[in-house]
Amino acid sequence: MDSGGGPADEAHTPSSGTRPILEHGRHEMASLPIPDELMAEVLLRLPAAADLVRASAACVSFRRVAADRSFLRRYRKLHAQPLLGFLNQHKVFYPAIAPHPSAPAASAVALAADFSFSFLPAPLDDWIVRDIRDGRVLLDRPPQHDIDNRYNVVFPELVVCDPLHRRYILLPPIPDNLTATVEDHPLWLTRHRYCETFLAPSHDDEDEMSFSVIWMAQCRTKPVAFVFFSSTGQWQAIPSKSWSDLLAGSLSSTGKPLFSRRQYAYGSFYWVTDFREKLLVLDTQRMDFSIAETPSEATALALPGVATAIVEAGEGRLGMFVRQCYENCLNYTIRRISCDGSSQWKSEKTIPLDFDYFFIGSAGRHLFLYQLSGPSLDAGCFSLDVKTFQLERVFVSSSCFPNLCAYSIFPPSLLSTPTVPSE
């Protein structure tokens, strides 16, 4: 075969004033930079915070986009903060452990955060964890100026803090003109307590640093509640009807609180009666109280031992898990709203479980169960996803309190910014 030059070889020979031609006849092209706006849309679609952290470490341009504050605000609104563990009232943190997907981040947070809250004003032992939301922790304690009434707490001192960044804000006392509207004494709620305090959810139009705290008591004639807005630094009253107007004679006051076991879903808080026949609802968007019905599964036996837990079922629908006394199964129902605005609970699924348990609580679409130990089982916490109905172990512990608060936050990284302003 002739190996001399010919037309074919000339086609591969660069000539003066022409662009080089690469092998296979492809023209060399310079890599075009991806606009930041397009890259932001790509990064927003990464499913997990860990994926975003890894992507931001890949190159300088990715890091620049991922570290932008406006991008981070969008990402945090689109993606739920991962569950990293639970915190009990006495400031003990139970981090998620392997094989839970949040185990590495939970371990990092356990090392980085101060869950002893040593940065709070002394005496530290008096502070009790009451609620957690969006990485903020609400604690309260008996008023230090009235320590003689520490076992008769109606208006405690309140602090909102960020244990990861060691920041806190002491809330001002509820003003006298509001406390004067509370009846002589609210009804006894629990040990040494005549009120409950909790964090309200943030709304889309609020600043990331803004938060709200609600104080609530059940009095003989009506529920009473006040809300503190960090944006204004002020307390204000939440309007409320009397029990007779709310309940329309279906229930009557017995000298003790009618509702207990606060739960949350879709911007509203829910309390249930002892026999699970009614729900007290506080809508935090409208800031008003109302009454709702529970599913028949919750009231079938009319026993106080029936356990219920509210979850977000998707598409704005409320879901409820019901456990009948002495049954190791879960009945799952969803409240459906008809065209005329009426609602009806519909049974969706019965889930058998091969262990004894009690409800810890819920967050979003997850139900939290504490599995009691058995001959071949370790005691610990599981989460149940209402989309997949899959159980996932969160932690193992033989000593657990039923009033645990779920701690969810983006792990220490570019996504983790302070949730409480510097006081």
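See the values below:
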quantity: Set PHE275, PHE269, PHE355: member being at pLDDT 95 or above and either part of a loop (DSSP other than H, G, I, E, B) or surrounded by 14 or more Cβ atoms within 10 Å (Cβ to Cβ) (or both); calculated: PHE269
quantity: Pair list, Cβ under 6 Å, 6 or more apart: segment 235-259 residue under 19 Å from ARG193 (Cβ atoms), other residue open to solvent by 50 Å² or more (accessible area, probe 1.4 Å) and at pLDDT below 90; calculated: SER253/ARG220; PRO257/LEU189
quantity: Filter pass, THR350 being surrounded by fewer than 20 Cβ atoms within 10 Å (Cβ to Cβ), hydroxyl-bearing (Ser, Thr, Tyr), in a loop (DSSP other than H, G, I, E, B) and modelled with pLDDT of 80 or more; calculated: no
quantity: Any hit, segment 129-144, residues being open to solvent by 40 Å² or more (accessible area, probe 1.4 Å), at pLDDT 90 or above, under 28 Å from GLN263 (Cα atoms) and touching a Phe, Trp or Tyr at 6+ places or on another chain (Cβ under 7 Å); calculated: yes
quantity: Qualifying residues in segment 183-239 (those that are outside any strand (DSSP E or B), open to solvent by less than 70 Å² (accessible area, probe 1.4 Å) and among the aromatic types (Phe, Trp, Tyr)) - the one modelled with the lowest pLDDT; calculated: TYR194
quantity: Residue list for segment 398-415, filter: open to solvent by less than 20 Å² (accessible area, probe 1.4 Å), out of contact with any Pro (no Cβ under 9 Å at 6 or more places or on another chain) and either at pLDDT below 80 or over 20 Å from LEU199 (Cα atoms) (or both); calculated: LEU415
quantity: Any hit, segment 65-75, residues being within 19 Å of ALA105 (Cα to Cα), without any contact (Cβ under 8 Å) to a residue 60 or more places away in the chain and open to solvent by less than 30 Å² (accessible area, probe 1.4 Å); calculated: no
quantity: Residues satisfying the stated conditions in segment 329-347, i.e. over 19 Å from ASP385 (Cβ atoms), open to solvent by less than 60 Å² (accessible area, probe 1.4 Å) and polar (S, T, N, Q); calculated: SER338, SER342
quantity: Selection within segment 292-347 - aromatic (Phe, Trp, Tyr) and at pLDDT 90 or above; calculated: PHE321, TYR332, TRP345
quantity: Residue match in segment 94-104 (condition: closer than 20 Å to VAL213 by Cα, open to solvent by 20 Å² or more (accessible area, probe 1.4 Å) and in contact with a Ser or Thr (Cβ under 8 Å, 6 or more places away or on another chain)); calculated: no
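Condition check ((1) of a type outside the set (A, V, I, L, M, F, W, C); (2) under 21 Å from MET320 (Cβ atoms)) across all residues:
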site: GLY341; (1), (2): yes, yes
site: LYS349; (1), (2): yes, yes
site: LEU353; (1), (2): no, yes
site: PHE358; (1), (2): no, yes
site: GLY361; (1), (2): yes, yes
site: GLY364; (1), (2): yes, yes
site: LEU372; (1), (2): no, no
site: SER383; (1), (2): yes, yes
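Condition check ((1) part of a loop (DSSP other than H, G, I, E, B); (2) out of contact with any helix residue (DSSP H, G or I) (no Cβ under 6 Å at 6 or more places or on another chain); (3) of a type in the set (S, T, N, Q)) across all residues:
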site	(1), (2), (3)
HIS100	yes, yes, no
ALA108	no, yes, no
PHE115	yes, yes, no
SER118	yes, yes, yes
ALA122	yes, yes, no
ILE132	no, yes, no
LEU139	no, yes, no
LEU158	no, yes, no
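The values are calculated or read from the model by the stated rules, or taken from the named source; none is laboratory data. The model shown is predicted, which means the values in this text are computed figures rather than measured ones. Positions of Cβ are generated from backbone atoms using ideal geometry, with glycine treated the same way; all protein chains shown enter the neighbour counts. When the accessible area is computed, the model is the full protein with side chains, heavy atoms only, and any ligands, DNA or RNA have been set aside. Shrake-Rupley method; radii C 1.70, N 1.55, O 1.52, S 1.80 Å.
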